[in-house]
Structures are given as structure tokens and as C-alpha cells.
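Have a look at the structure below, then the notes.
The values are calculated or read from the model by the stated rules, or taken from the named source; none is laboratory data. All values reported here derive from a predicted model rather than from experimental measurement. For neighbour counting, all protein chains shown are included, and Cβ atoms are generated from backbone atoms with ideal geometry for every residue, glycine included. Just so you know, the surface numbers come from the protein's heavy atoms only, side chains and all, with ligands and any DNA or RNA stripped out. Shrake-Rupley method; radii C 1.70, N 1.55, O 1.52, S 1.80 Å.
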Amino acid sequence: MAAQVVRVGNVEIVGLIDLVFPLDYAILFPGRDVQAIMAFQDVYPQSYTPDGRYQTYASCYVVRSGGKTVLVDTGLGPNVPSFLGGGRGRLLEELSSNGISPEDVDVVVCTHLHLDHTGWNAREEGGVRGPTFPRARYYLPRADWEHFTAPERIDGAAGRSNLLPLQEAGVMELFSGEVTLAEGVTTLPTPGHTPGHSSILISSQGERALIAGDLVNHPLQIEKVDWSSAFDTDPAQAAETRRRILDFVESEGLRVAFGHLPPPNMGRLIRLEGRRVLRAL
Ligand SMILES: [Zn+2]
């Protein structure tokens, strides 16, 4: 797939899709009125399958700044769970078709530690499971590490395959708050979807953009900020963070990208007849 490339000052952002898969709305928004969900089909047609399910895009981003290559999220990986349709993510092929090899990546940062954002963190080669990106330091939110590697959650979060190998290889940096990953590229805490959920703020030459992970799971939440999804660890906190951050993005005119929206991955929040929508601008 042709990559989406956006320039923010001196920083280049390449949007890549690891996998596209359908998800039942009853799983994403249990108990919500189906008509209210389908009412957004005209606004975001690419996010609906012909049979009325959520067309979900597992997105990753390459951010290049100051000679460093930062990979934001690693998709579903080589062994996609059957409840998400099975199969194999395409991140490595997508990187390759953009001239990026695993050895080129200096930093991997996960917005959070759900299995659809950590899938290519590690892979098996010659019977040994190790980091997919051999030169990279891996930045993982500390609060998520503590949450998802707890004994009662580690299997559900694919922690043994996607998280523990990084610790064993000694390539992991657990972070909290705002940390710099490359020139003009920093983390920004946006908790609620998970305890340590973080967005990536890009700031260069007076321009700014935000890669906001699963702050929004479905584009309708850009208007319906109170609609937390079933995957939000703390629905009330997720809604409060969503409202605050989206208001900031809209009022400051930042470009914004999310973890599960269709290409073009990056856009701006604008008003159409008073309703806030995401548009590629
Ligand atoms: Zn996700």
C-alpha cells in the first residue's frame, strides 16, 4: 500500500497499515444503540464494512527526525489472534516498500501495551524469540508494563510473546510522563484507554502534530467524546482525557493521527455544520 507521508517542520511522518480487520460493533460499543453508531457511516464510510461492522485499521507510524528513526506502535504482528480474524500483519513488508529495514529503527515506542500495538515487538528466529528491530531501544509506558505484566493479565495481553522478550534482551526503557525520543518528538501522557496510554507529540519549526494511539478507537468518538469503548481500562478517565486532548488539538490546529482509522492516517479536526469531524487537510 502506498504510504501516507506528512511533513511537520523538519520531521517526516510515514503512516503504515499492519492489518485491516472487521470487528463487531457489539464488541467495541456493547449496549450502544446500533442506529446511533450507523449514523456516522456517511461521515466515515471507510470505517464501516458492507455488512455493518467496524472496519479496523491497525496503524503504525515511522517518525524521522534529526537522523533518528522512531517507530510508533508495532501492530498485530505475525500471529494475529483468531478473534481478530487470524492471519499475519504486514508491517515488515510495508516498512520494506518504504525503504526501511528493521535495522534502521533506532527507537520503538508503544503508545500502550495492548496486543494490537505490540505485535511486532519480538519475533522468533532460529528457535529464539528476540527483538524484531535489533538496534532499537524500546520505550514502553511504565504504568502499562506494571498493569499488563501482572500475573492475572499477562496472558491476555500477549505479554509473554510481545513484552517479556524485550526485558530479557535488555533493550527496554520504561517511561512515565514526557520523555524525548528524538529531536522534537516527545511522549505525552493520555491515560484512560490504559493506565499508561501515551500520545506522541511532534513539534518542529512552529508546526505540531499528535499521534494519539487509541485516545480514539472509532472516529465517531471525535464527536461523541463520552463514548468510551469496551477496551478502555478506565472509561471515565478515557472520556475526560479524550475531551481535553481533542479540544486542545482542535483549538491549536494540530494535525492528528490515531491507531485504528483509515488512510489518510493524518488529518485535522474541523467543524462541519457545528459537528467536529476529522478530515485530511
Ligand atoms: Zn488498539
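Points to keep in mind about this one:
- So E103, is it assigned to a helix (DSSP H, G or I) and open to solvent by less than 40 Å² (accessible area, probe 1.4 Å): no
- Residues considered: L113, L92. Of these, the only one that is among the aliphatic types (A, V, I, L, M), open to solvent by less than 70 Å² (accessible area, probe 1.4 Å), in contact (Cβ under 8 Å) with a residue 24 or more places away in the chain and away from the ligand (no atom under 16 Å from the Cβ) is L92.
- The single residue among D232, D226 that is more than 13 Å from the ligand (Cβ to nearest atom) and either touching a strand residue (DSSP E or B) at 6+ places or on another chain (Cβ under 8 Å) or not basic (K, R) (or both) turns out to be D226.
- Counted as qualifying within the range 120-209 are no helices (runs of 4 or more DSSP H), as none has 2 or more residues that are under 15 Å from D73 (Cα atoms), open to solvent by 50 Å² or more (accessible area, probe 1.4 Å) and at pLDDT 95 or above.
- Among the residues here, D247 does not qualify as free of Cβ contacts under 8 Å to residues at least 60 places away in the same chain, in contact with a helix residue (DSSP H, G or I) (Cβ under 8 Å, 6 or more places away or on another chain) and surrounded by fewer than 18 Cβ atoms within 10 Å (Cβ to Cβ).
- Taken over the range 24-53, the criterion of being of a type in the set (K, R) and more than 17 Å from L84 (Cβ to Cβ) is satisfied by R32 alone.
- In the range 116-141, residue farthest from the ligand (Cβ to nearest atom) [restricted to those that are of a type in the set (A, V, I, L, M, F, W, C) and in contact with a helix residue (DSSP H, G or I) (Cβ under 7 Å, 6 or more places away or on another chain)]: F133
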